[in-house]
Ligand SMILES: C[S@@+](CC[C@H](N)C(=O)[O-])C[C@H]1O[C@@H](n2cnc3c(N)ncnc32)[C@H](O)[C@@H]1O
């Protein structure tokens, strides 16, 4: 992997950030029910007292706020988008989240001290890297013994496996639609196997793995491999071996 790797940039620029949160909501809603978000929320420990947390791809910091309010010693929100980190920084100041720090950085080149983190939280961010295994390994190395990782991400089933290599060469154009509001995004296509292999190689044990239908996500019409793949959502809880 080098700088010729495909990279998803620009989809979280200023205009898109506004459209993204106009679609999904600016704050975390305490969702009840069967959805992936509600399930993920249920996995975040009620009390994070004394724990060091990383919110990978923190966006506007809405989940960093939740973990801050649950008593974390420190929550570091990391995001590549300047517009997102700007929003997250405003949230930090307005809500006086003194235990939150926001960093503009690329998950593809993280430099985290070994054993320095107790919880990595990654909600819909891992599918933005083309270097899944490398990113997961660097996060795992940063975890303390028995440290945990909570992941919500998209997962792809290759209905027609003959196209798998081709599909994985570039990102897939998607539409996220909630009610009448929608935003165009892109994801790299990772299968369940890709995630499990990356976790295993990084020394992470899968404690929870639950799949959900992609209720608000669809592949954009005209995408060449639209019929060869199916998107879903998955939530993982991983523990460092
Ligand atoms: C779907 S949004 C999710 C934001 C947030 N986790 C939430 O749930 O509100 C994905 C986020 O990942 C960030 N992201 C994408 N590629 C990234 C990268 N290479 N390094 C760090 N953050 C990245 C985007 O800027 C965006 O804020």
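Rule-based calculations on the coordinates, nothing more; no lab input. Being a predicted model, the structure only gives us computed values, none of them experimental. Neighbour counts run over all protein chains shown; Cβ positions are idealised from the backbone, glycine included.
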- line: Those residues of the range 79-105 that are in contact with a helix residue (DSSP H, G or I) (Cβ under 7 Å, 6 or more places away or on another chain) and outside any loop (DSSP other than H, G, I, E, B) come to a total of 9
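Could you count how many residues in the range 106-127 are in a loop (DSSP other than H, G, I, E, B), within 14 Å of the ligand (Cβ to nearest atom) and on the phi < 0 side of the Ramachandran plot? Give the steps one after another, and end with the answer.
Step one: of the range 106-127, the residues in a loop (DSSP other than H, G, I, E, B) are 106, 110-116, 124-125.
With the extra rule that they be within 14 Å of the ligand (Cβ to nearest atom), the set shrinks to 106, 110-112, 124-125.
Narrowing further to those that are on the phi < 0 side of the Ramachandran plot: 106, 110-112, 125.
Adding up the residues that qualify gives 5.
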- prompt: Inside the range 79-88, can you point out the residues that are surrounded by fewer than 24 Cβ atoms within 10 Å (Cβ to Cβ) and closer than 22 Å to residue 116 by Cβ?
  reply: 80, 85
- request: Sort out which residues of the range 25-78 are surrounded by fewer than 18 Cβ atoms within 10 Å (Cβ to Cβ), within 15 Å of residue 152 (Cβ to Cβ), touching a residue at least 12 places away in the same chain (Cβ under 8 Å) and in contact with a helix residue (DSSP H, G or I) (Cβ under 6 Å, 6 or more places away or on another chain), and write them in order of number.
  value: 28
- request: Could you look through the range 38-65, keep only residues that are in contact with a strand residue (DSSP E or B) (Cβ under 9 Å, 6 or more places away or on another chain) and in a helix (DSSP H, G or I), and pick out the one that is nearest to the ligand (Cβ to nearest atom)?
  value: 63
query: What are the residues in the range 173-192 that are outside any strand (DSSP E or B) and either within 14 Å of residue 126 (Cβ to Cβ) or touching a strand residue (DSSP E or B) at 6+ places or on another chain (Cβ under 7 Å) (or both), if any?
result: 188, 189, 190, 191, 192
